[in-house]
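Below is one structure, written out as structure tokens; the observations come after it.
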Amino acid sequence: MKLDPSNLNIKKIFGVWMLRIGLVGCGAIATSIVNAVLEGIINPKVVALYDRSIYKAEKLGRLVRAQVCHSIDELVRKDLDVVIECASIQAVEEVAIKAIENRKDVIVMSVGAFKDLNLYQRLYSLAKKHNRRIYIPSGAIAGIDAIKAVSLGKIYEVTLITIKPIEGLRDSLEKQGFDIDKISEPTTVFEGSFSEAIEKFPQNINVSLVLHLASNYPTKVKIVVDPNISVNRHEVIVRGSTGTIRTTVENTPSKENPRTSVLAAYSVIRLIKDLSEPIVIGT
Ligand SMILES: NC(=O)C1=CN([C@@H]2O[C@H](COP(=O)(O)OP(=O)(O)OC[C@H]3O[C@@H](n4cnc5c(N)ncnc54)[C@H](OP(=O)(O)O)[C@@H]3O)[C@@H](O)[C@H]2O)C=CC1
Ligand SMILES: O=C([O-])CC(=O)C(=O)O
């Protein structure tokens, strides 16, 4: 059987079928996406980008000859298949609503925005009404495929234990008044629910929302700062009627942003690839 790429919702550009993407936020994750395009790991057309710092958008835009936009409104009106939000929790509502209303699919990286269940439900309805999809990549953790499957049975426990170096948590810890200079050994800086976790660590623990949304279970979170490690470590424990899942990742932090793991960027890069593939592996 011959594959017809027109069924994959992508367009032919210069004789090649290509997914057309727009990026909101031009930091670490967007830079990884652009690098993956330049290295030929994925082959979408980066049509447009926007960042509140025009300088960052111009710098990245030059590399892939993308149009630099001056607002989210301008970006969502471009000829795109998917808008990728890789900016901040505050950006999600505007990006997702405007993208969907302009008939684009959306990928959300700042998943912490869905702590607001109202926003999640409004976007769900809006996407359904406009026949669009919102994608939430697995991000910096492992096991989301299995956890989605397990969630169809009964779940008894979902726990995330995150251990990061000081640089991975510095901004949030400083805001909370921790005396960082006095931290010389692994120190628990948070224990509680996913919603409190994302409130206190908005740029460090989006993965707790990914886990909560995938499991549909009130996720418990523990955050440890360890001055002696160099990786972002996320341990996930899910106990359910099908058995127990434990996954651990020890992620290399991004050079551009030590809060963000390289795996988080690779997860969205993989999703972009899958959106143009005729066969998709994993749940
Ligand atoms: N789901 C997951 O597993 C993970 C999610 N994340 C989240 O993904 C997002 C992107 O991560 P990363 O690339 O590392 O972040 P960066 O901080 O490196 O880049 C984000 C860029 O977006 C800009 N920005 C923020 N808000 C807006 C806005 N409202 N409009 C336009 N531009 C904006 C930032 O500007 P400025 O510098 O001025 O703030 C910055 O230039 C973050 O929210 C992060 O917390 C990160 C890792 C894992
Ligand atoms: O990248 C990571 O290790 C996790 C992260 O920052 C987040 O979930 O916000």
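Taking 4 °C and 1.567 mPa s as the conditions, I'd like the Stokes-Einstein D for segment 144-252 in µm²/s, using the Kirkwood hydrodynamic radius from alpha carbon pairs.
It diffuses with D of about 91 µm²/s by this estimate.
Which of the DSSP-defined H helices in the chain satisfy a minimum axial length of 30 Å, computed from C-alpha atoms, and a minimum mean Kyte-Doolittle hydropathy of 1.6?
Both cut-offs are met by no helix.
Once amide H atoms are built 1.01 Å from N in the peptide plane, which residues 5 or more positions from Asn251, or in another chain, come under 5 Å H to H?
Here Asn232, Arg233, His234 satisfy the definition.
Estimate the FRET efficiency between Asp171 and Glu196 by the formula 1/(1 + (r/R0)^6), using the beta-carbon distance for r and 30 Å for R0, to the nearest 0.05.
On the way: r = 17 Å, r/R0 = 0.58.
After rounding, the FRET efficiency stands at 0.95.
Summing -39500 (n - 2.57) over the DSSP H runs of n ≥ 4 in the chain and dividing by its residue number, what mean residue ellipticity at 222 nm do you reach, to the nearest 500 deg cm²/dmol?
Details: 10 runs with 101 residues, N = 283.
So the helix-based figure for the chain works out to -10500 deg cm²/dmol.
Using only the alpha carbons of the chain, determine the length spanned along each of the three principal axes and report them from longest to shortest in whole angstroms.
Largest first, the chain extends 56, 46, 34 Å along its Cα principal axes.
For Asp79 and Asn216 in one chain, what is 0.36 nm times their gap in residues minus the Cα-Cα distance, to one decimal in nm?
Using 0.36 nm per residue and subtracting the Cα-Cα distance, I get 45.8 nm.
Given the Cα-Cα distance of Glu250 and Asn43 and 0.36 nm per residue of separation, how much length would full extension add, in nm?
71.7 nm
Beyond a 23 Å Cα-Cα separation, which of these cross-linked pairs lie in this structure: Lys148/Lys220; Lys115/Lys222; Lys154/Lys273? Walk me through the numbers on the way to the answer.
On the way: Lys148/Lys220 17 Å; Lys115/Lys222 17 Å; Lys154/Lys273 32 Å.
Cα-Cα > 23 Å for Lys154/Lys273; rest within.
How much of the DSSP bridge set in the chain is antiparallel, in percent, rounded to the nearest 5?
Around 55 percent antiparallel, to the nearest 5.
Mind telling me which of Gly22, Gly153, Gly143 comes out most flexible in a GNM of the chain, alpha-carbon contacts under 10 Å?
Gly153
If you stretched the chain out fully between Thr188 and His130, how much longer would it get, using 0.36 nm times the residue separation minus the C-alpha to C-alpha distance? All intermediate terms of the calculation are to be shown ahead of the outcome.
On the way: separation 58, 0.36 × 58 = 20.88 nm, distance 4.41 nm.
Net length gain for the segment: 16.5 nm.
Sticking with the crude label model, points 7 Å out along Cα→Cβ, report the distance from Thr283 to Ala149 in nm, one decimal please.
About 0.7 nm, to one decimal.
Only Cα pairs within less than 10 Å get springs; with that Gaussian network setup on the chain, which residue of Arg65, Arg20, Arg133 has the largest fluctuation?
Comparing Arg65, Arg20, Arg133 in a Gaussian network model of the chain, the most mobile one is Arg65.
Could you bin all the Cα-Cα distances of segment 27-66 into 10 Å bins starting at 0 and give me the percent of pairs in each, rounded to whole numbers?
31, 60, 8
Every number in this text was worked out from the coordinates using simple rules, so none of it is lab data. Predicted model, so just to flag it, every value in this text is computed and none were measured. All Cβ positions, glycine included, derive from the backbone under ideal geometry; neighbour counts span all protein chains shown.
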